[in-house]
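**Q** I'd like to ask some things about the structure below.
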Amino acid sequence: MRPVRRLCLPTAALLLAACFGYTPVNTAPAPGTEVRLRLTDLGTTELARYLGPRVVRVDGRLVENDSSRLRVSVQSVQTVDGASQPWRGEQAVDFPTAMYSSIERRQLLRSRTTVIAGGLAVAMAVLGYQAVQNGGGGTVSGGGNGGGNQP
């Protein structure tokens with residue numbers, strides 16, 4: 001059963017990771033939503049003291065929104081060279097509207113989830129079938145002569 005267990009965890013991790021994506025939105029979603037902000041050049045420059053140098057993208061949870069700014073509990077940042085890293089700040093950051101160019105909302109990608117879940121179900125069925133064929137009908141054998149007193 002070890003091969004089955006070894007395949008289950010990575011497959012489940014892939015399933016969880018592959019099922020979500022970011023889609024553009026025209027207006028800020030409700031607080032509590034996971035969002036991605038793409039910063040303007042001004043945002044990269046002005047927010048460097050909070051986020052670090054050369055940050056162009058921010059992922060986090062929307063805490064508050066109004067007509068002039070978004071307050072985001074930042075979870076990770078991406079720099080201009082494509083490097084992503086967790087953000088270690090302790091407080092939410094304010095993003096005035098001039099500091100970001102777009103908002104994306106994290107959401108479940110239903111079609112990808114369906115395909116991956118179907119593939120996972122087929123893989124698990126095949127592995128289960130192979131496990132039964134390779135050792136599922138065995139008997140338990142014990143050592144010794146069956147007990148009792150024999151001369």
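The values are calculated or read from the model by the stated rules, or taken from the named source; none is laboratory data. Keep in mind the model is a prediction, meaning the values are calculated, not measured. Don't worry about glycine lacking a Cβ; one is built from the backbone with ideal geometry, like all the others, and counts go over all protein chains shown.
**Q** Mind counting the residues in segment 93-114 that are surrounded by 13 or more Cβ atoms within 10 Å (Cβ to Cβ), within 21 Å of the chain's Cα centre (by Cα) and either acidic (Asp, Glu) or modelled with pLDDT under 70 (or both)?
**A** Of the residues in that region, 4 qualify.
**Q** Does segment 34-53 hold any residues that are closer than 17 Å to Ile103 by Cα and either in a strand (DSSP E or B) or at pLDDT below 95 (or both), and which are they?
**A** Passing the criteria: Glu34, Val35, Arg36, Leu37, Arg38, Leu39.
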